[in-house]
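Working notes, beginning with the structure itself.
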Amino acid sequence: MKLFNTMSRQVEDFVPQNGKKVSLYTCGPTVYLDPHIGNWKTFINYDLLVRTLTQAGYEVDQVLNITDVGHLVGDGDDGEDKMAKTATEQRKTAWEIAEHYTSVFYEGLKQLNITPPSNMPKATDHIQEQIDMIKVLEEKGFTYTIDDGVYFDTSKCSDYGKLARLDLEGQQAGARVQENAQKRNPQDFALWKLSPKDQKRDMEWDSPWGTGFPGWHIECSAMALKYLGATIDIHGGGIDHIPIHHTNEIAQSESANGVEFSKFWFHSAFIDVDSTKMSKSLDNFYTIEDIKAKNIDPMAFRMLVVQAHYRKGSNFTWEALEAAAQRLKHLRAFADLVWQGSGEGQVDVKAVEQSFVKHMQNDLNTPAALEVVSNLLNQFANRLPSSQEASDIRALLGTMDEYLGLKLSETTDIDEFAKQLLLERENARQEKNWEESDRLRVEIEKQGLSVNDTPKATIWSRTS
RNA sequence: GGCGCGUUGGCCGAGGAGUUAGGCAAAGGUCUGCAAAACCUUUUACACCGGUGCGAAUCCGGUACGCGCCUCCA
């Protein structure tokens, strides 16, 4: 299959290091607030990647970290600590906040039909691994210690910024006032932050450098090493991670391990709301709950994400979400046809399936893959598929679900009672007993079905 | 100040030098006993100005506007 690699900025043939095994590290949620739809877009894109790799015959070992401590840092400038703030507001500890929002995250995975990653380690369960990695960096001379912690000296890393293609000189020119005058270079970042004296944090640990907590980026480097090895096949994240987080992960991991950190870099583009970035800080984000509050199936959001390409930024509107919901509904009606295979026809459904797969294996071209299916749908307007077509459609839906996770093939046939009602209505229509026919239509609708009388046959579909 | 991205018809969104993307919505119409959550049709879109091509929405240069990153962030 083909996959875009942020490092080379090109679509490349994807070939893992070890035969059919693929090691994948994906940056996960920071659990201190409800995830917003932008977070979910990225997680859905990870899911599409894993599904596509799996379909391509690979065995994917995916790690998705739960950041339950990282947010303790990074509050330097304005002194605001969101995690602590949330904890205070809810009269809970940082630990309780992390636990609560971790469960919210798991619930969201279910609602959006995201296959849970094979391994979801927590940062706080890997403090020792992080300390060990910092020790290695210290022994190799990449670190220095100042008043508030241990820092990584980016000037010791000759290719620092290669992923983002950073222009360090240029950045320096316009850099804001350094928050810490002791830092040697503006890009240097904390590996271990020391707890402020005379202050007890909910989350803090002992270390060779004193009591404190790990820096912003070390958890990913440490957990990737522990679970996937020094060189992984693919590393994923949101595009915002390219210049800082992933850049620093590369610096840490490659300096500590002495080998390339990741062969491929997979980045999901942002979804905007009203043409502006969503962020936890700006408080302009929507959640799955907001979608449900409008009586829209969360799966419609998955549809919205799937019908756009993962590398292109998009703009969220409620109108677009409703359009996606509608499209999903039509796909579901199409899926219902497999139970009604009694018509005539010989459309080449298998060719559509092949085309679908080809698009998916081409850098996850989900919009093109859906397009070929949409074109197929139009051929079944006002007619039922033949038994052969129904069989092929069933196979197509199964394949689509493996790749896209839209749950189209999970429907079952309607029950005998509903079938009987449909039959009775048809008989009434034959006898031109319209009163009885209309009465039965109401009964059928009570079963959650709607009927479409076409010249050739009556086709039912689900209303719920 | 530096780095980078984008601008496609009412909305969302592909494509990317010559061929209708697709979806959703709207309007008109059709089938039908009626109805539809059914079907058909529809005003031929690519920010602007130059350039290179037989030919540009698609390549090059510039302009405008928008957005992102350089600070936690999917």
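So here's what we get for this one:
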item	result
Selection from the range A:249-264 of residues that are closer than 19 Å to residue A:26 by Cβ and either surrounded by 23 or more Cβ atoms within 10 Å (Cβ to Cβ) or in contact with a helix residue (DSSP H, G or I) (Cβ under 7 Å, 6 or more places away or on another chain) (or both)	A:249, A:250, A:252, A:253, A:260, A:261, A:262
Hits in the range A:112-154 - residues which are polar (S, T, N, Q) and within 26 Å of the chain's Cα centre (by Cα)	A:113, A:115, A:118, A:119, A:124, A:130
Residue that is surrounded by the most Cβ atoms within 10 Å (Cβ to Cβ), among those in the range A:436-455 that are of a type in the set (Lys, Arg) and more than 9 Å from RNA strand B (Cβ to nearest atom)	A:439
Count of residues meeting criterion [touching a Leu at 6+ places or on another chain (Cβ under 9 Å) and in a helix (DSSP H, G or I)] in the range A:250-266	6
Residue check for residue A:132: over 30 Å from residue A:52 (Cα atoms) and free of Cβ contacts under 8 Å to residues at least 40 places away in the same chain	no
Matching residues, the range A:24-69, being closer than 21 Å to residue A:230 by Cα, more than 13 Å from RNA strand B (Cβ to nearest atom) and polar (S, T, N, Q)	A:62
Number of the exception - residue A:312 against (1) within 22 Å of residue A:42 (Cα to Cα); (2) among the charged types (D, E, K, R); (3) assigned to a helix (DSSP H, G or I)	(3)
Hits in the range A:399-423 - residues which are closer than 24 Å to residue A:54 by Cα and loosely packed, with under 14 Cβ neighbours inside 10 Å	A:410
Residue A:246, sole failed condition from (1) surrounded by fewer than 24 Cβ atoms within 10 Å (Cβ to Cβ); (2) within 19 Å of residue A:133 (Cα to Cα)	(1)
Elements of type helices (runs of 4 or more DSSP H) contained in the range A:326-418, each with 2 or more residues being charged (D, E, K, R)	A:349-361, A:387-404
Of residues in the range A:421-435 being within 9 Å of RNA strand B (Cβ to nearest atom) and in a helix (DSSP H, G or I), the one nearest to the chain's Cα centre (by Cα)	A:425
Where residue A:338 falls short, out of the listed (1) over 19 Å from residue A:460 (Cβ atoms); (2) in contact (Cβ under 8 Å) with a residue 24 or more places away in the chain	(1)
Criterion violated by residue A:362 - all others in (1) more than 30 Å from residue A:234 (Cα to Cα); (2) in contact (Cβ under 8 Å) with a residue 40 or more places away in the chain; (3) within 10 Å of RNA strand B (Cβ to nearest atom); (4) surrounded by 13 or more Cβ atoms within 10 Å (Cβ to Cβ) satisfied	(1)
The range A:115-129: number of residues that are part of a helix (DSSP H, G or I) and touching a residue at least 24 places away in the same chain (Cβ under 8 Å)	5
Per-region count, the range A:54-99, residues modelled with pLDDT under 75 and of a type in the set (D, E, K, R)	7
Residue A:52 vs. criteria crowded, with 19+ Cβ neighbours inside 10 Å, out of contact with any strand residue (DSSP E or B) (no Cβ under 7 Å at 6 or more places or on another chain) and in contact (Cβ under 8 Å) with a residue 40 or more places away in the chain	yes
Test: residue in the range A:175-193 that is at pLDDT 90 or above, in a helix (DSSP H, G or I) and crowded, with 18+ Cβ neighbours inside 10 Å	no
Of all residues making up the range A:365-397, the number that are more than 30 Å from the chain's Cα centre (by Cα) and touching a residue at least 60 places away in the same chain (Cβ under 8 Å)	3
Counted residues, the range A:155-167 - those being over 31 Å from the mean Cα position of the chain (by Cα) and either of a type in the set (A, V, I, L, M) or part of a loop (DSSP other than H, G, I, E, B) (or both)	2
Residue A:332 within 8 Å of RNA strand B (Cβ to nearest atom), within 25 Å of residue A:55 (Cβ to Cβ) and modelled with pLDDT of 90 or more	no
Residue check, residue A:310 closer than 30 Å to residue A:21 by Cα and surrounded by 19 or more Cβ atoms within 10 Å (Cβ to Cβ)	yes
Filter pass, residue A:216 being among the aromatic types (Phe, Trp, Tyr), touching a Gly at 6+ places or on another chain (Cβ under 7 Å) and outside any loop (DSSP other than H, G, I, E, B)	no
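The values are calculated or read from the model by the stated rules, or taken from the named source; none is laboratory data. This one's a predicted model, so the numbers in the text were calculated from it and none came from an experiment. All Cβ positions, even for glycine, are placed from backbone atoms using ideal geometry, and neighbour counts span all protein chains on display.
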